[in-house]
Amino acid sequence: MSPLRPTSRAAALVAVPALALSACGAVKDDTEGPAAGDGGVTTITVGASPTPHAKILEFVDKELAPEAKLDLEITTFDDYIQPNVQLSEGTLDANYYQHLPYYEAQVKDRGYEFAHFEGIHIEPFALYSDKVKDVEDLPKGGQIGINNDPSNQGRALQLLADHDVITLKEGKDATNATIFDVADNPKELEFKETDPAQLARSLQDLDAAVINGNYAIEADLSTQDALIVEEGKESPYANFLAVQQSNEDNAALKKLDELLHSPEVKAYIEKTWPNGEVLPAF
């Protein structure tokens, strides 16, 4: 199946013979992947998390893409699995929702033949609570929500360790720690593994929860109200544009990545999330 989205039916019909000749299902000329249709406009289908990824893409589509002769079709996903599945199947030309540790785990576990561009933004993890105002006030035996995603659970635990809430076993850190690697837990906190998308909704039943940045934004949680916040500077968790490996040299996809790293996008991020819920990574 082809990730090509020509902008006219005539262009689509012309593309069919070329599709049959391509082993990977994409037109192969100087590059592979999305190609221009009538008027020289290239349509790119991008999968993204609703916030902030889709919002950033919508800004690019409205303000920057027309001059670059790009047209973005943005498909949003509430989970972390389908954007890569659909990218691998060719339903999407690119996706924008993941950071490097998650990407690498997915590529290793599922055998995806992907490539990625440089980081665009960072969503700091933070510890939120409806019951206490200071991390020191977490009750003994308190229940702490933590994501059940292996590539992010260590990140959440590292945040707690960085603020002396817990201590991790030697050799364990954000890249490999699980709830079974807590060496010292002076408050005897009980960790409740929860789907990342459900953590914000579970706050009322927990003493606190470490919440992924995108889900915190969707729940109208501000880092200003968080008990502790992950350091964003030089973070390895910058989110980027991922594509099929065969398409990484496609001119349209490279142009989209260029737009996502533009001064206009940086200014949009800083204006839209002035409290640091989203930080530019460039």
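The values are calculated or read from the model by the stated rules, or taken from the named source; none is laboratory data. Bear in mind the structure is a predicted one, so any value in this text is a computation, not a measurement. FYI the Cβ positions are ideal-geometry reconstructions off the backbone, even for glycines, and counts take in every protein chain you see. Protein only, heavy atoms only, side chains kept; ligands, DNA and RNA dropped before computing areas. Shrake-Rupley method; radii C 1.70, N 1.55, O 1.52, S 1.80 Å.
Placing unit charges on the Cβ atoms only, positive for Lys and Arg and negative for Asp and Glu, gives the chain a dipole magnitude near 520 debye about its Cα centre. Find me the longest stretch of the chain that has none of the exposed GluC sites (Glu not before Pro), where exposed means in a DSSP loop (not H, G, I, E or B) with at most 13 other Cβ atoms within 10 Å. With a cap of 13 other Cβ atoms within 10 Å, the longest stretch comes to 1-66.
Counting only alpha carbon atoms, the long axis of helix 263-272 and the longest principal axis of the chain meet at about 40°.
Beta bridges per DSSP, both residues in the chain: antiparallel share near 55 percent. Within segment 76-180, the percentage of alpha carbon pairs spaced more than 19 angstrom apart rounds to 54%. Ranking 209, 138, 37 by Cα position along the charge dipole of the chain, where only Lys, Arg, Asp and Glu carry charges on their C-beta atoms, puts 37 farthest toward the positive end. For residue 241, nonlocal amide neighbours, meaning residues 5 or more places apart or on other chains whose placed amide H falls under 5 Å from its own, are 117.
In whole percents, the pair-distance distribution calculated for segment 175-262 from its alpha-carbon pairs, binned every 5 Å from zero, is 2, 9, 14, 17, 16, 14, 10, 7, 6, 3, 1. Among 108/266; 55/108; 62/271; 187/233; 169/192; 133/187, which pairs are too far apart, with a Cα-Cα distance over 26 Å? Correct reply: 108/266; 55/108; 187/233.
Only protein atoms count toward the accessible area here, which uses a 1.4 Å probe; on the chain, the carbon and sulfur part of that area reaches 47 percent. Bridging of residue 69 to aspartates and glutamates at a Cα separation below 20 Å is possible for 29, 30, 32, 38, 58, 61, 93, 248, 249, 257, 258, 264, once same-chain residues fewer than 8 apart are set aside.
For segment 182-282, state which trypsin sites (Lys or Arg not before Pro) are in a DSSP loop and have at most 10 other beta carbons lying within 10 Å of their beta carbon. Here the trypsin sites (Lys or Arg not before Pro) that fit, given the DSSP loop and packing criteria, are 233. Each Lys and Arg contributes +1 and each Asp and Glu -1, all at the Cβ; summed about the Cα centre of segment 37-140, the dipole is approximately 260 debye.
What size of dipole, in debye to the nearest 20, comes out for segment 168-212 about its Cα centre when the only charges are +1 on Lys and Arg C-beta atoms and -1 on Asp and Glu C-beta atoms?
The dipole of segment 168-212 has a size of about 100 debye.
When you filter the trypsin sites (Lys or Arg not before Pro) in segment 97-152 for DSSP loop state and at most 11 other Cβ atoms inside 10 Å of their Cβ, you are left with 133, 140. When the surface is traced with a 1.4 Å probe over the full set of protein chains, residue 116 keeps roughly 70 Å² accessible. Take the Cα coordinates of segment 219-279, assign each an equal point scatterer, and use the Debye formula without solvent to give log10 I(q)/I(0) at q = 0.15, 0.20 Å⁻¹. Scattering profile of segment 219-279, log10 relative to I(0): -0.64, -0.92.
Of 237, 157, 224, which is farthest on the positive side of the dipole of the chain, counting Cα position, with +1 on Lys and Arg Cβ, -1 on Asp and Glu Cβ, and the Cα centre as origin? Looking along the dipole axis, the top candidate is 237.
Can you work out the accessible area per residue across the chain, with the rest of the protein chains kept in place, probe 1.4 Å, in square angstrom? Intermediate results must be reported in sequence, preceding the final value.
Numbers: 13340 Å² over 282 residues.
Per residue, the chain has an accessible area of 47 Å².
Take segment 126-237, drop everything but the C-alpha atoms, weight them equally and run the Debye formula without solvent; then report log10 I(q)/I(0) at 0.13 Å⁻¹ to two decimals. Listed by q, the Debye log ratios stand at -0.42. If you take the alpha carbon atoms of the chain and fit the smallest convex hull around them, that volume is 120 Å³ per residue.
Heavy-atom accessible surface of residue 282, to the nearest 10 Å², is about 70 Å², with a 1.4 Å probe and all protein chains retained. Of all the options 156, 105, 36, the one that moves most in a Gaussian network model of the chain with Cα springs shorter than 10 angstrom is 105.
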